[in-house]
Structure formats: C-alpha cells, structure tokens
Amino acid sequence: MAKTTRRKSEMKVLKWGAASAVALALVSGTAWAEGVTVSLSAGEKIFKNGKGDAVPACVSCHGDTGMGNDGMGTPRLAHQGYTYLVKQLDDFSAGKRTDMTLGVMNGIAKGLSDQDRRNVAYYLHTLKVKSELSNLDDVKASGKPVGTAYEGEVIAKYGLQAKGVSACLTCHQYNGRGAAPIYPMIGQQKYVYLVNQLTHWRDGSRANDPMGQMRAVAKNLSDADINNVATYLSQAPESTEGDSYQYTNSPEEGIKVTP
Ligand code: HEC
Ligand code: HEC
C-alpha cells in the first residue's frame, strides 16, 4: 500500500519528456531495431488483399483509403505512426489487447508474421490522404450520442483540472496529430472508435498503455466528457508539415525500406 502511494507521487512529478523516455523503454523494441527491413509492396498487398484464408483484406473494414468507418467502429489507420501500429498488432496477437468491437483483430494479427506486421504498418504510415472526417449527423442518426466540440476542445487543450484530467495534447501533440514512436495520432480519428477506446481505457478493459498513462487519464472522464472530446478530435483541424511544430510519424532510423 505504502509502496503504491509512493510510486503514484513519483509519477506525478515526472515531466512529459521523462515520462515518454520511460514509456519508450516499455514499448516493444522489435519495431525499430537496427537491421529491420520492410517491403512496401508486400505491405500494400496485405492491406488490399489480405493473406490466405486467415487474414481478410484490411480495406474491407478499414476502407479503401484506410480512413476507418463509423458504421463498423473501425479506426483510421492511414498515416498513423509505424511503431504504434506494430505495437497494436503485436498486442492483439499476444492477447494484450482485445478487439471488443467486432472481435476480429486478435485472429487477424495472429495470422500475420512479425515481418508481415512491419510491412503492413510501414505501408499504412506512408499513406497520406485527404481528410475524411466522421459524419456526426450520420452517427447521431444511428442512435449514438454526439458531444459538443467546443467543450471537447477545452479538454483536449487544457484538461479538466478539477477532476485531475491532463490535457490530451500534452502527450498527443498539436491537433492530436501524435508523437512517434509512442503517442498515436488521435486528431481526425473516427468518432465511434474514439468513444469506444476511451470507454475501454476507463473501465480497464483496454490495458495495453505504457505505464497506465491512458487509464489514468480516462478514469476521471464522464460519458459527456468522452463524447465531447471525441467530437472535437474527430473534427480537429488538419496539421500539416508546414506548421510551426515539428511533425513526424516516422519510425526510428535504421529501418531499410525496399519497394
Ligand atoms: C472484419 C473487419 C476488420 C478487418 C478485415 C481488419 N480490421 Fe483492423 N480493426 C477492426 C476493428 C473493429 C478494430 C477496432 C478494435 C477495437 O475497437 O478495439 C480494428 C483495429 C485495428 C488496429 C488498431 C488501430 C489503433 O489505432 O489502435 C489496427 C492496427 C488494425 N486494426 C490493423 C488491421 C490490419 C493491418 C488489417 C489487415 C491485415 C485489419 N486491421 C483488418 C476491424 C477489422
Ligand atoms: C500522459 C500521456 C497521455 C495523455 C495526457 C493522454 N494520452 Fe491518450 N494515449 C497515451 C498513450 C501512451 C497511448 C498509446 C497506448 C498504446 O500504446 O496502446 C494513448 C492512446 C490513446 C488513444 C487510443 C488511440 C488508438 O488509435 O487506439 C486514445 C483514443 C487516446 N489516447 C485519447 C486521449 C484523450 C482524449 C486524452 C485527453 C483526455 C489523452 N489521450 C491524454 C498517452 C496519453
């Protein structure tokens, strides 16, 4: 008990940089290890055609452009960070994360070899596409509640101090565009997927976050907070490489890319 309390107070004083260094040490090391070679064409083939009987084409659920689908609850994968994507596929395969939406990703990830996962993740992270935002009118028409963007913007940018919720953008960066290798892009992610993940972090049914960072954030969010922040993030302004913050979703150096 005393030990837990001490660890908690130590966690609080960790600044973002130090926290991310520790988290980096905790995420899977294989994705960016020296000597890794990836094939873009092999990755594209998996994305478009799947692999054998066990692995259906990713496009059939994540969309031709890899931008996700609110009706199915699938996330946008296009331009997501490479290391983050490899980690999720590894976690699905190892049972550290469970697909509670369609119950398919664990089997799909198991059907891919380590090399397949790197190939498809690398291909996906290079996909640069035009915005394809969630249509919140359609979401509402399907019976799911939608929040208020400006209230969500406050949570994303400043957090909710009274409830101990940190600002999302301290970790997920400007417009939620992500910070490779650890922090995924959450800006312009699909609304239904965002709500599902935040709900799962909150009840602990998704627990593959390094150092429990997301569970600590989500445990103090109400249903309304979740809908509000997901509304803002799903429609967040696009961040371009030309703006004043350095933007990268690129993996660590040392990866050899073949066509
Ligand atoms: C039958 C539908 C279906 C197919 C086919 C499918 N997915 Fe998924 N995928 C999902 C769903 C649903 C989720 C969300 C799971 C959840 O809510 O936790 C998901 C989540 C993911 C995630 C997690 C993304 C994140 O932001 O954390 C990755 C990575 C992923 N899929 C990759 C793939 C790849 C690669 C393929 C093709 C080899 C593929 N998926 C094929 C339905 C599918
Ligand atoms: C202390 C750092 C930190 C803060 C603050 C933070 N996050 Fe995260 N978040 C993470 C990490 C780390 C992950 C990746 C977990 C993993 O590896 O599976 C993550 C993942 C997520 C995901 C899952 C993305 C996906 O593609 O599946 C969502 C959604 C998310 N965060 C939303 C938020 C929101 C909303 C807030 C603010 C209310 C927030 N985060 C604040 C660290 C943080």
What is the one condition in (1) near ligand 1 (Cβ under 8 Å from one of its atoms); (2) farther than 30 Å from LYS256 by Cβ; (3) out of contact with any strand residue (DSSP E or B) (no Cβ under 9 Å at 6 or more places or on another chain) that MET105 does not satisfy? (2)
Cβ-Cβ under 6 Å pairs, at least 6 apart or on other chains, segment 48-66 side touching a residue at least 60 places away in the same chain (Cβ under 8 Å), far side among the hydroxyl-bearing types (Ser, Thr, Tyr): none
Given the condition crowded, with 20+ Cβ neighbours inside 10 Å, aliphatic (A, V, I, L, M) and at pLDDT 95 or above, answer yes or no: does some residue in segment 198-212 qualify? yes
When you scan segment 113-138, how many residues do you find that are more than 16 Å from ligand 2 (Cβ to nearest atom), over 15 Å from SER239 (Cα atoms) and either within 19 Å of the chain's Cα centre (by Cα) or in a helix (DSSP H, G or I) (or both)? 11
List pairs: first residue in segment 188-201 and basic (Lys, Arg), second residue within 10 Å of ligand 1 (Cβ to nearest atom) anywhere in the structure, Cβ distance under 9 angstrom, at least six positions apart or on different chains. LYS190/GLY68; LYS190/ASN69; LYS190/GLY73; LYS190/THR74; LYS190/PRO75; LYS190/ARG76
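Any chance segment 180-192 includes a residue that's at negative phi, within 12 Å of ligand 1 (Cβ to nearest atom) and either more than 11 Å from the chain's Cα centre (by Cα) or in the same structural domain as LEU85 (by TED's automatic domain parsing) (or both)? Show your work before the answer.
Filtering segment 180-192 for residues at negative phi gives 180-187, 189-192.
Among the residues that remain, those that are also within 12 Å of ligand 1 (Cβ to nearest atom) are: 183-186, 189-190, 192.
Adding the requirement that they be either more than 11 Å from the chain's Cα centre (by Cα) or in the same structural domain as LEU85 (by TED's automatic domain parsing) (or both) leaves 192.
Yes, some residue in segment 180-192 is at negative phi, within 12 Å of ligand 1 (Cβ to nearest atom) and either more than 11 Å from the chain's Cα centre (by Cα) or in the same structural domain as LEU85 (by TED's automatic domain parsing) (or both).
The values are calculated or read from the model by the stated rules, or taken from the named source; none is laboratory data. The shown structure was predicted, so the numbers you read here are calculated from the model rather than taken from an experiment. Backbone-built Cβ (ideal geometry, glycine too); neighbour counts: all protein chains shown.
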